[in-house]
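K.L.:
One structure, pasted below without further comment.
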Amino acid sequence: MRKPTSSQKTFTKISLLTATFFCLVCSFVLTASAQKPKDQEPAEYKIPPEAAAKQNPVKPTPESHAHAKKLYGYDCAMCHGKDGDGKGDMASDFKSVTDFTKPDALKNRSDGELFYIIRNGKGQDMPPEGDRAKDEEIWQLVNYIRSFAKK
């Protein structure tokens, strides 16, 4: 085995210094991009008045409840919990997850507001259902979510 030449040693040192510098720069950039300046905080979440005023056209039935329970299990339970208690597997990743079992949790929200939030999401904490569900299914979810506080 040959001993490294002085130019090879110099090259190795420069390579290590370059790699270290690159790692430091990357960590600085990632840290800086993860911190939001105060002036870039998200605007207050507002639901349009016409959306809040919408009335739920779907009457709760055992069939609609069963269908909504299935949808809730796919899309909502991971955060809001299987029983609506706000203790789903991903709940710890967010500041606050609504506990639907508390009667006061939704008392100031109209069905139209809940529909709007489910359809459009809420900031970065709650992704939108979007076009994955039909309007009737979202109204069924609204009824199902309200049923948690009645148990």
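K.L.:
Just checking, which of Lys70, Lys134, Lys95, Lys107 is under 20 Å from Tyr45 (Cα atoms) and out of contact with any helix residue (DSSP H, G or I) (no Cβ under 9 Å at 6 or more places or on another chain)? Full working, then the answer.
P.N.:
Values: Lys70 fails: under 20 Å from Tyr45 (Cα atoms); Lys134 fails: under 20 Å from Tyr45 (Cα atoms); Lys107 fails: out of contact with any helix residue (DSSP H, G or I) (no Cβ under 9 Å at 6 or more places or on another chain).
It is Lys95.
K.L.:
Sticking with this structure for a sec: Please tell me if Lys69 is open to solvent by 60 Å² or more (accessible area, probe 1.4 Å) and either part of a loop (DSSP other than H, G, I, E, B) or at pLDDT below 90 (or both). Even if it seems obvious, please write down each step before you answer.
P.N.:
Numbers: open to solvent by 60 Å² or more (accessible area, probe 1.4 Å): yes; either part of a loop (DSSP other than H, G, I, E, B) or at pLDDT below 90 (or both): no.
Taking the combined requirement at face value, the residue does not satisfy it.
K.L.:
Just to be sure I understand, how many residues within region 112-123 are in contact (Cβ under 8 Å) with a residue 24 or more places away in the chain and open to solvent by 40 Å² or more (accessible area, probe 1.4 Å)? Walk me through how you get there before you give the answer.
P.N.:
At the first step, the residues of region 112-123 found to be in contact (Cβ under 8 Å) with a residue 24 or more places away in the chain are 112-118, 122-123.
Those left that are additionally open to solvent by 40 Å² or more (accessible area, probe 1.4 Å): 116, 122-123.
Of the residues in that region, 3 qualify.
The values are calculated or read from the model by the stated rules, or taken from the named source; none is laboratory data. Just so we're clear, the structure is a prediction, and the values are computed from it rather than from any experiment. With ideal geometry, Cβ positions are generated from the backbone for all residues, glycine too; neighbour counts draw on all protein chains shown. The protein model used for the area step is the full one, side chains on, heavy atoms only, and it has no ligands, DNA or RNA in it. Shrake-Rupley method; radii C 1.70, N 1.55, O 1.52, S 1.80 Å.
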